[in-house]
Amino acid sequence: MSNKIVLGDNQYGKAEVRVVKVTRDTDRHQIEDLNVTSQLRGDFEAAHLQGDNAHVVATDTQKNTVYAFAREGIGSPEAFLLRLSEHFTSGFDWVTGGRWEAESYTWDRIQAHGSEHDHSFVRNGQEVRTAVVVRDGNTTHLISGLKDLTVLKTTQSGFVGYPRDKYTTLPETTDRILATDVSARWRYSTGLDFAATDFNKSYDDIKALLLEGFTENYSHALQQTLFDMGKKVLEAHGEVDEIKFSMPNKHHFLVDLSPFGLDNPNEVFFAADRPYGLIEATVQREDSGSAPAAWSGIAGFC
Ligand SMILES: O=c1[nH]c(=O)c2[nH]c(=O)[nH]c2[nH]1
């Protein structure tokens, strides 16, 4: 083993640049609200080893670039990140790649006096939309997703047939509540023409498929429901290579009402917040293989 100490993988940039873009071409304003992280990869050895900052595009400059690009419009988180990645990799020879990530928050128009208001909005708290661009030389990986999409069904779910040992106390059930916060990330094929893709439409459609997938079949386990949801997305969207999920099983325990002389025919539950089951999996095409580089910097499944 060598005693020489060298620099390993590295990236740097500005994290969580909060940018809100108002489009006011007409009196009916539009709002886009993002939290952007920009990180550059490339030849930054001199900065780390010698304190030579000649290659260090300041994180402050990266932040300013986010705001300057927003002036020309955002469009979709994916399109915005792709523009940033192109700018930094084409503008600086030694920047060979990087990672650009955004969370996107949705604002709905306030319904006032029966119609949608022109310039007043209410935050839609249903889920947070996410996007990541990972660029490595000429290869661009694009991963879209969502998190905190909380769903629940009151029947058509059960859990039976699992092994029993001396530590097993869980009773089998064929009718339980199934609830989870869906985190999902789907990776678009690198062969896709990103410039010609309507990522907002794709997002809306995939979210709808995930929700439908949750409802459609009797659930023998959250694992099966996860797979149903992913399968629907891959069947309908040929441009998506794989989808990763992280889903807590938000347990709802039937409350024993017998001390009060009451029955409880599956109606009153204690919603536990912890511990929770944690179900994570990738749903992929048989021949697609995996693309670990695309997911680098994304902790765990989602
Ligand atoms: O859908 C479930 N999957 C599990 O793996 C599991 N384990 C458990 O205790 N309850 C459940 N439910």
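Below are the figures for this structure:
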read-out: Residues that are out of contact with any Leu (no Cβ under 6 Å at 6 or more places or on another chain) and open to solvent by less than 60 Å² (accessible area, probe 1.4 Å), drawn from region 251-264; value: His251, His252, Val255, Leu257
read-out: Meets criteria (more than 16 Å from the ligand (Cβ to nearest atom), modelled with pLDDT under 95, open to solvent by 50 Å² or more (accessible area, probe 1.4 Å) and over 22 Å from Phe159 (Cα atoms)) for Gly297; value: yes
read-out: Residue that is in the same structural domain as Gly300 (by TED's automatic domain parsing), more than 14 Å from the ligand (Cβ to nearest atom), open to solvent by less than 90 Å² (accessible area, probe 1.4 Å) and farther than 19 Å from His237 by Cβ, where the choices are Thr197, Thr155; value: Thr155
read-out: Qualifying residue in region 166-177 (condition: closer than 18 Å to Leu209 by Cβ, surrounded by 10 or more Cβ atoms within 10 Å (Cβ to Cβ) and among the hydroxyl-bearing types (Ser, Thr, Tyr)); value: no
read-out: Filtered residues of region 104-137 (kept if within 25 Å of Gly13 (Cα to Cα) and charged (D, E, K, R)); value: Arg129, Arg135, Asp136
read-out: Filter pass, Phe121 being under 30 Å from His237 (Cβ atoms) and touching a His at 6+ places or on another chain (Cβ under 8 Å); value: no
read-out: Odd one out for Gln224, checked against (1) free of Cβ contacts under 8 Å to residues at least 12 places away in the same chain; (2) over 22 Å from the mean Cα position of the chain (by Cα); (3) within 16 Å of the ligand (Cβ to nearest atom); (4) surrounded by 12 or more Cβ atoms within 10 Å (Cβ to Cβ); value: (2)
read-out: Selection status of Thr190, in contact with a Ser or Thr (Cβ under 7 Å, 6 or more places away or on another chain), of a type in the set (S, T, N, Q), under 29 Å from Asn138 (Cα atoms) and more than 11 Å from the ligand (Cβ to nearest atom); value: yes
read-out: Any hit, region 266-273, residues being modelled with pLDDT of 95 or more and crowded, with 18+ Cβ neighbours inside 10 Å; value: no
read-out: Lone unmet requirement of (1) away from the ligand (no atom under 16 Å from the Cβ); (2) among the hydroxyl-bearing types (Ser, Thr, Tyr); (3) touching a strand residue (DSSP E or B) at 6+ places or on another chain (Cβ under 9 Å) for Ser90; value: (3)
read-out: Ser144 being open to solvent by less than 80 Å² (accessible area, probe 1.4 Å), out of contact with any Leu (no Cβ under 9 Å at 6 or more places or on another chain) and either without any contact (Cβ under 8 Å) to a residue 12 or more places away in the chain or in a helix (DSSP H, G or I) (or both); value: no
read-out: Residue selected from region 158-181 under the condition touching a helix residue (DSSP H, G or I) at 6+ places or on another chain (Cβ under 9 Å) and under 17 Å from Ala271 (Cα atoms), by the criterion farthest from the ligand (Cβ to nearest atom); value: Thr180
read-out: Index of the failed condition, Glu212 passing every other in (1) open to solvent by 30 Å² or more (accessible area, probe 1.4 Å); (2) more than 16 Å from the ligand (Cβ to nearest atom); (3) touching a strand residue (DSSP E or B) at 6+ places or on another chain (Cβ under 9 Å); value: (3)
read-out: Hits in region 227-239 - residues which are open to solvent by 60 Å² or more (accessible area, probe 1.4 Å) and within 16 Å of the ligand (Cβ to nearest atom); value: Phe227
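The values are calculated or read from the model by the stated rules, or taken from the named source; none is laboratory data. All values reported here derive from a predicted model rather than from experimental measurement. All Cβ positions, even for glycine, are placed from backbone atoms using ideal geometry, and neighbour counts span all protein chains on display. Surface areas here come from the heavy atoms of the whole protein model, side chains and all, with no ligands, DNA or RNA. Shrake-Rupley method; radii C 1.70, N 1.55, O 1.52, S 1.80 Å.
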